[in-house]
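I have placed the structure first, in the form of structure tokens, so that the comments after it can refer back to it.
Here, each number is a calculation from the coordinates, and none is a lab measurement. Values in this document were obtained by computation on a predicted structure and should not be read as measured data. As a convention, Cβ positions derive from the backbone with ideal geometry for all residues, glycine included, and neighbour counts pool all protein chains shown.
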Amino acid sequence: MKIDKGKISGIQFMFTVACFLQSSSLLTSFFTSITKQDSWIVTILGFIVSIPSLLIYTYIMKIFPDKNLVEVNDIVFGPIIGKLFSIVYLWFFMTLSSLNIKDLGDFVHKTTMQKTPAIIILGIFMLLCAWAVRNGIEVVTRYSMFFTLIAIFIVISTSFLTMNQMKIDNFLPMLNQPRMIYIQGAHIISTIPFGEVMVFLMIHPNLEIEPKQRRKYYTYGFIIGGLTLLTIVIRDTAVLGNTIKIFALPPFETLRLISIYSGLSRIEVLFAVSLIMLMFFKICILYYVTVMSIAYIFNLKSFKSLVISVGIIIIMYSFSIYPSIIVHMNSASKTAPFQWFMFETILPFITIIVAKIRKLPKLKKGMI
């Protein structure tokens with residue numbers, strides 16, 4: 001039984017995935033602080049490392065085309081163990097929601113609204129997200145193409161505007177760091193943010209395209225989002241060089257250097273507006289997925305009554321999850337990637353293995 005009967009097209013899904021990844025430009029400091037001038041290489045490595053996980057997600061979508069992740073867990077593992085798996089995923093989705101709302105709140109508070117209490121910023125923002133989530137997946141994803149294209153335009157235009165600040169020497173020396181640095185950096189970006197696209201396993205039954213076509217649109221969106229992040233990292237490295245490691249927000253610092261003439265500076269405001277827009281979209285997706293997970297776990301007929309209460313829980317969780325941005329960055333570069341890898345790769349892979357053992361794809365062939 002579908003709780004939300006809204007439908008989204010393949011193109012809309014593609015831009016939804018792309019926009020979801022683009023919003024993670026705020027998180028590049030998680031690995032640039034470690035990999036420095038070689039961050040662009042690590043971004044490519046992380047993208048390549050993420051491909052097997054993407055294939056796992058698309059395979060699950062193929063063999064269970066009409067079931068979201070919670071329903072798949074019930075089918076594959078049974079109603080009891082399946083619910084336990086789903087509760088674990090629910091914690092993951094809620095944690096991602098809280099982390100992202102906290103990141104946005106910290107960004108807005110530090111860059112544009114220093115005198116506004118964080119609770120006010122988060123409260124207003126979550127009310128907007130709650131409105132979108134209550135109206136279903138169609139509203140949540142409606143402006144994905146617009147947001148994606150705006151973000152691409154801003155990234156490309158600011159790359160041209162910073163060309164006079166770029167130096168080829170900022171990429172040197174290349175590949176002279178310990179091997180473990182590249183492994184660590186690739187692991188970070190393959191889980192944060194590339195691996196986070198597994199949340200779309202909760203949304204894919206709402207796609208109005210054939211199961212065989214879903215991998216194509218999923219992959220295209222993944223590529224668009226990945227190329228956008230790569231462009232941002234290359235731009236920031238070319239401008240900041242080795243100093244990229246000392247900034248909590250490298251893209252923001254890069255755009256601060258832009259000054260075309262006295263009447264046109266402060267271009268970083270474009271980045272701020274774009275990032276707030278993208279983060280709004282990503283949080284809406286995570287918020288929606290969290291609400292839908294609870295609704296399916298408890299077999300509810302409607303999810304709308306959960307929206308406000310779940311939003312309050314997410315805000316409260318965000319204030320207790322990390323005491324400071326420094327602790328958050330330290331966790332994101334050392335411990336979180338291993339935790340996220342479990343949710344993003346290990347558990348979905350176990351799902352496929354168990355489904356194969358129980359021959360569940362064969363049972364679903366008639367439906368596919």
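How big is D for the chain, in µm² s⁻¹ as a whole number, if Stokes-Einstein is applied with the Kirkwood radius of its Cα pairs at 25 °C and 0.890 mPa s? Intermediate results must be reported in sequence, preceding the final value.
Working: Rh = 21.0 Å.
This corresponds to a translational diffusion coefficient of 117 µm²/s.
Kirkwood Rh over alpha-carbon pairs of region 47-100, then Stokes-Einstein at 20 °C and 1.002 mPa s: what D in µm² s⁻¹, rounded to an integer? Approximately 173 µm²/s, per Stokes-Einstein. Here the Karplus curve 6.51 cos²θ - 1.76 cosθ + 1.60, taken at θ = phi - 60°, turns the phi angles of region 305-311 into couplings of 5, 8, 4, 5, 5, 5, x Hz, with x standing for Gly and Pro.
What does the charge dipole of the chain about its Cα centre add up to, to the nearest 20 debye, if the Cβ of each Lys and Arg holds +1 and the Cβ of each Asp and Glu holds -1?
Working: 32 positive and 16 negative charges, 191 e Å.
That gives a dipole near 920 debye.
Each residue of region 346-358 is assigned a 3J(HN,Hα), and the resulting list reads 4, 5, x, 5, 4, 4, 5, 4, 5, 4, 5, 4, 8 Hz, derived from the Karplus form 6.51 cos²θ - 1.76 cosθ + 1.60 (θ = phi - 60°), x at Gly and Pro. Ranked by how many other Cβ atoms sit within 10 Å of their own Cβ, fewest first, the residues Met126, Met329 fall in the order Met329, Met126. Pairs over the 31 Å Cα-Cα cut-off, from the set Lys102/Lys245; Lys5/Lys216; Lys216/Lys245: Lys216/Lys245. Here the label points at Phe319 and Thr243, each 7 Å from Cα along the C-beta direction, are separated by 3.7 nm in the simple model. 3J(HN,Hα) along region 334-342: 10, 10, 4, x, 6, 5, 5, 4, 4 Hz, from the Karplus curve 6.51 cos²θ - 1.76 cosθ + 1.60 with θ = phi - 60°, whole Hz, x for Gly and Pro.
Counting Lys and Arg as +1 and Asp and Glu as -1, what is the net charge of the other residues whose Cβ lies under 14 Å from the Cβ of Gly221? Surrounding charge for Gly221 is +3. Using the rule -39500 (n - 2.57) for each DSSP H run of four or more residues, divided by the residues of the chain, the 222 nm mean residue ellipticity is -22500 deg cm²/dmol. Using C-alpha pairs below 8 Å separated by at least 6 residues, the relative contact order for region 10-351 is 42 percent. Could you tell me which of rounded, prolate or oblate describes region 96-233, using a ≥ b ≥ c as the square roots of the eigenvalues of the alpha-carbon gyration tensor, with rounded for a/c under 1.5 and, failing that, prolate when a/b is larger than b/c and oblate otherwise? Oblate. A simple spin-label model places the labels of Asp66 and Ile119 4.7 nm from each other, with each point 7 Å out along Cα-to-Cβ.
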